[in-house]
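The values are calculated or read from the model by the stated rules, or taken from the named source; none is laboratory data. Quick caveat: nothing in here was measured; it's all calculated off a predicted structure. Here the Cβ positions follow ideal geometry from the backbone for every residue, glycine too, while neighbour counts run over all protein chains shown. Note: areas computed on protein heavy atoms with side chains; ligands, DNA, RNA excluded. Shrake-Rupley method; radii C 1.70, N 1.55, O 1.52, S 1.80 Å.
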Amino acid sequence: MILYVISVGLSVTMGLMGFINLAHGVFAMAGGFILSTAMARFGLPFPLAVLVAFVVVSAGSIVLERLLYSRLYAAGELAQVLFSIGLILISMALARLVYGNLAAPVFLPDYLRGQVHILGRDFPTYRVFLIMFSALLIAALWFGVERTRWGAMVRAAVDNRAMAQSVGINTRQLFMATFALGSGLAGLGGALGADILPVQWSYPFEHLVYFLIVVAVGGLGSLRGPFVAALLIGVADTACKYWIPEFGAFLIYVATMAILLWRPMGLFGVRA
Amino acid sequence: MVASALETQQLCKSFGALTVADHIDFRLAPGARHALIGPNGAGKTTFVNMLTGAIAPSSGRILLGGEDITKVNQAARVRRGLGRTFQITSLFRKLPVLDNVALGIAERDGVAPRMWKPASKHKEIIDEAAHLLATLGLSADARTPVQDLPYGRQRLVEIAIALGLKPGVLLLDEPAAGVPSQDSGHVLDVLAGLPPDIAILIIEHDMDLVFRFASRITVLVQGQVLVEGAPQEIAADRRVRDVYLGEATHA
Amino acid sequence: MSGYTSDPRIRPQELLPWIIAIAAFFLLPEYLSLGARVLVYILFALSLDLILGYAGIITLGHSAFFGLGAYTAGILGAKYGVTDPFLQLLAAALAAALLGISTGAVILRTKALTLLMLTLAITSIVLEIANKASSLTGGADGLSGVQVAPILGLFKFDLFGRTAFIYCLVALFLGWLLIRRLLYSPFGAMLTGIRENTARMHAVGAPVYWRLVLVYTLSATMAGVAGALLTQVNQFVGLNVLGLEPSGDLLVMLILGGVGRLYGAFVGPVVYLIAQDYLAKQYPEYWYFGIGVLLVVVVLFARGGILGLVDQWWQALSRRSSSARASAR
């Protein structure tokens, strides 16, 4: 589910805006660190700290978008790939300088620890919370993209930017907002997931492949896609490691290849 | 009966509920100077794209020199002698004019996959390209990158690449589009000077050019062939006038 | 630089890298091991430039071929007693070529993000295999004890890396000659055509897909040879030759040097590896930071990389001097 929250943000920027942003994990890492800092240093309660992570990451991403990303919307894929690799390296170095080699500690509040009984079985409370939270988020995003004016405008702008501009949509602001949302979601995912996927300096690079798989397999520009893909990858990965550990991550890549060759646009890809 | 250079039989294309080509039977005679006209949205571009293989028809057949090429891909159709120019100039913008033409000639000659002898030592390719450029009045620009040429000349390079393929059938998709009116005369001269054995289908909005160049005209309206005939027949046809005048009054 | 209108003769400045390399051999004897590694990476970068800079194929998986070549040579030398260096190179080249043609034939029908992901998946799969098949590859510990017999039975690989340096230099020189020849040929011109305007190449009748598979295989073969050279020089193979990281490093080197200009593949690895040798050990944070900043700057302001900048300065200089001459008249 964490993969989903992070990846759906990536799907928003990559799919809706058509920008190959490998540096997405950076925003997730930032979210995790901000959460940790906010709680440990400033003693903020967990929900508030999560909110802070989301807001700060969004705000930070707007600055980056204006200063750097926006120059590359029209550039080729290669430039975008390289640029985002550059950002990853910079952020990793900074994170290591500030936070050292250790993972950022996260202290869950008591009410999210422990176990809950559901249908006679025990589940860790936090995971149940995450699943519910993600479900809510999916619903909200789906509503946002499919049913609101903003969603319609984004879809129009992506389809045909010049046309959208000529009917009076401010694509500049729109893309900025979309980018902020995508990054903010990454930050949110990083923060919420910090307990399960430990946040440390190598984070953007380590998990890059997973995020990318989820988006590529799910298909660009769809919300359902990354959701199904994250679920698929998560389940398959766990199952593989449990049943046939000797194959490790092997099967994930094979599955990715198979799916991409079968459906080059991803399972729910919309853009040809 | 003489075999046709290019022929379509009951060619159809629909996108969902929208039918853009409706059972088109079309025949291009060997050595023909044939024009395809029609109001905007008549399906001319779709028709051309089906001929070149850029999109697949929903049903029907396409024959090139009597052979069914409906399932043959774009590049293979070119190798069988179906050349085309693009409505919107599509060139190797950073490369010199000569290279633009030479790349095509090398493909036709089968030289393109060779990896050892330097390209600039393939004199046969270069000479042929230079000769072709000379016939189009482009010699002076041979070493200029295409992107530095005025648009009218780029249209000529577009034609030069197609001619370099020595096609038996040539599709010219609005060769004069975007060319300033004082230069379109030059385009017409070039077209008039093309080898007579090439069958040419021209899609063009410039009626002046169409009526001076073509000896046969097909009018396409709403995906169907409205009428086909010699220029004077078309000019006298009431239905054609209605279509064009109707469009003119609405515009 | 390639094409029907360009002069294929070797210009004097193209000899510069070789002069520098030979000078380095005599003047910097204590750095020859590093030097040999640089030479190997130049060959690797050349192979990437062929598909990225000329054919326009973006890949994050070029390490698959490098790594496969490295392990092929390593396994032969350590487990099967095949110690002749040329046999090892040949086997590595064949293995990489096979992987290149089989994966290329499958993935080159796709493009953009999908292609990028597929290349990444392939190198990750090879990495996983190398990791798990530890009886053959040594797994995470790496494969040590790779035996390499003296070259031609005469020149032993010595401790100071003298033989290794010359050996790699010769290999690189041959690779360079081959690639240069290829780029100036009609095939090279055709590749440029595909990069500049793929749709147009279709429309002049080029079987674009097969051409891409061919050049991809050639490039893979060369990367495989580079990998085998690295194994022979180090007499060791580790997992770090596979996966995303070496692919990313290579891409960075090539970008820094300048893509699609042949000599960018020379400049990039030299600058990158020497800087890494100095900086990365002492200040790893600053190293990544610096490379990151450099990448961003190159992408935003200097698309041609270091060589692109040199070109611009050179042009500016010659323009100034010619205008100075004009005004003097």
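Using protein heavy atoms only (no ligands, DNA or RNA), what is the total accessible area buried between C and B, 1.4 Å probe, nearest 100 Å²?
The contact between B and C buries close to 2900 Å².
So, counting K/R as plus one and D/E as minus one, what does the shell of residues with Cβ under 9 Å around C:Glu196 add up to?
+4
Rg (Å, one decimal) plus Dmax (Å, integer) for the alpha carbons of region C:147-225?
Expressed in Å, the Cα Rg and Dmax of region C:147-225 come to 18.3, 56.
Calculate, for the protein assembly as shown, the solvent-accessible area per residue in square angstrom, rolling a 1.4 angstrom probe over the heavy atoms of the protein chains.
Heavy-atom SASA per residue in the protein assembly as shown reads 43 Å².
So how much accessible surface do C and A hide from each other in total, probe 1.4 Å, in square angstrom to the nearest 100?
Interface between C and A: roughly 3500 Å².
Working from the alpha-carbon coordinates of region C:112-196, get Rg over Rh, Rh being the Kirkwood radius.
1.13
Among C:Gly308, C:Gly188, C:Gly205, determine the one that fluctuates most according to a GNM of chain C built with springs between C-alpha atoms less than 10 Å apart.
C:Gly205
Roughly speaking, to the nearest percent, how much of chain C's 1.4 Å accessible area is carbon and sulfur?
66 percent
Return the residues of region C:89-131 for which accessible area with all protein chains present is lower than in the chain on its own by 50 Å² or more; set the probe to 1.4 Å and exclude ligands, DNA and RNA.
C:Leu113, C:Thr114, C:Met117, C:Leu118, C:Ile125, C:Glu128
Rg(Cα) of region B:6-250 divided by 2.2 N^0.38 Å?
1.04
Quick check: convex hull of the Cα atoms in chain C, volume per residue, rounded to a whole Å³?
Normalising the Cα hull of chain C by residue number yields 167 Å³.
Using Cα springs under 10 Å in a Gaussian network model of chain C, which residue among C:Leu34, C:Leu89, C:Leu250 shows the largest mean-square fluctuation?
C:Leu34
For B:Ala21, which sequence-distant residues (separation of 5 or more, or a different chain) have an amide H within less than 5 Å of its own amide H, given hydrogens modelled in the peptide plane?
Under 5 Å from the amide H of B:Ala21 lie the amide H atoms of B:Lys13, each far enough along the sequence or on another chain.
Can you list the residues in region C:154-192 whose accessible area drops by at least 10 Å² when all protein chains are present, compared with the chain alone? Use a 1.4 Å probe, heavy atoms only.
C:Leu178, C:Arg181, C:Leu182, C:Tyr184, C:Ser185, C:Pro186, C:Phe187, C:Ala189, C:Met190, C:Thr192
Given the pairs B:Lys71/C:Lys111; B:Lys71/B:Lys121; B:Lys123/C:Lys111, which are separated by over 30 angstrom at their Cα positions?
Over 30 Å apart, Cα to Cα: B:Lys71/B:Lys121; B:Lys123/C:Lys111.
Take chain C, connect every pair of alpha-carbon atoms lying under 10 Å apart with a spring to form a Gaussian network, then pick out the residue of C:Pro284, C:Pro246, C:Pro85 with the largest mean-square fluctuation.
C:Pro284
Can you check what the net charge comes to around A:Leu197, using other residues whose Cβ is under 13 Å from the Cβ of A:Leu197 (Lys, Arg +1; Asp, Glu -1)?
That works out to -2.
Here are some pairs, B:Lys44/B:Lys166; C:Lys132/C:Lys156; B:Lys13/B:Lys94; B:Lys117/C:Lys156; which of them have Cα atoms lying more than 30 Å apart in this structure?
C:Lys132/C:Lys156; B:Lys13/B:Lys94; B:Lys117/C:Lys156
Beyond 28 Å, what share of the Cα-Cα pairs of region C:178-329 is found? Please give it as a whole percent.
Result for the distance tail: 40 percent.
With the full set of protein chains in place, find how many percent of the accessible area of region B:6-250 is carbon and sulfur; take the probe as 1.4 Å.
53 percent
Taking a 1.4 Å probe, which of C:Arg261, A:Arg149 shows the most accessible area, and what order do the others take after it?
Reading off the accessible areas and sorting them downward yields A:Arg149, C:Arg261.
With the alpha-carbon atoms as the only input, what is the per residue convex hull volume for the protein assembly as shown in Å³?
Value for the protein assembly as shown: 218 Å³ per residue.
Quick check: the angle from helix C:32-49's long axis to the longest principal axis of chain C, C-alpha only, nearest 10 degrees?
Its long axis makes an angle of about 60 degrees.
Only protein chains counted, 1.4 angstrom probe. Which residues of region B:104-141 are at least 30 Å² less accessible in the assembly than when their chain is isolated?
Correct list: B:Glu107, B:Ala112, B:Pro113, B:Met115, B:Trp116, B:Pro118, B:Ala119, B:Ser120.
Could you state, as a whole-number percent, how many of the C-alpha pairs of region C:1-159 are farther apart than 29 Å?
Counting every Cα pair in region C:1-159, those more than 29 Å apart make up 34 percent.
Return the ratio Rg/(2.2 N^0.38 Å) for region B:170-251, where Rg is computed over Cα atoms only.
Scaled against compact globular proteins, the figure is 1.16.
Over the Cα atoms, compute the radius of gyration (one decimal) and Dmax (the largest Cα-Cα distance, rounded to a whole number) for region B:60-162, in Å.
15.1, 46
Could you tally the net charge around B:Ala134, taking each other residue with its Cβ under 12 Å from the Cβ of B:Ala134, Lys/Arg +1 and Asp/Glu -1?
Once all neighbours under 12 Å are counted, the net charge is -3.
Between helix C:186-196 and chain C, what is the angle of the helix's C-alpha long axis to the longest principal axis, kept within 0 to 90° and rounded to the nearest 10?
Tilt relative to chain C: about 80 degrees.
Could you tell me which residue out of B:Thr89, B:His122, B:Pro175 lies farthest along the dipole of region B:6-250 toward its positive end? Charges go on the beta carbon: Lys and Arg +1, Asp and Glu -1, centred on the Cα centre.
Among B:Thr89, B:His122, B:Pro175, the one farthest towards the positive end of the dipole of region B:6-250 is B:His122.
Just the C-alpha atoms of region A:127-196: what Rg/Rh do they give, with Rh taken as the Kirkwood radius?
A ratio of 1.10.
For region A:21-63, max minus min Cα coordinate along each principal axis, in Å, sorted largest first?
Largest first, region A:21-63 extends 33, 15, 14 Å along its Cα principal axes.
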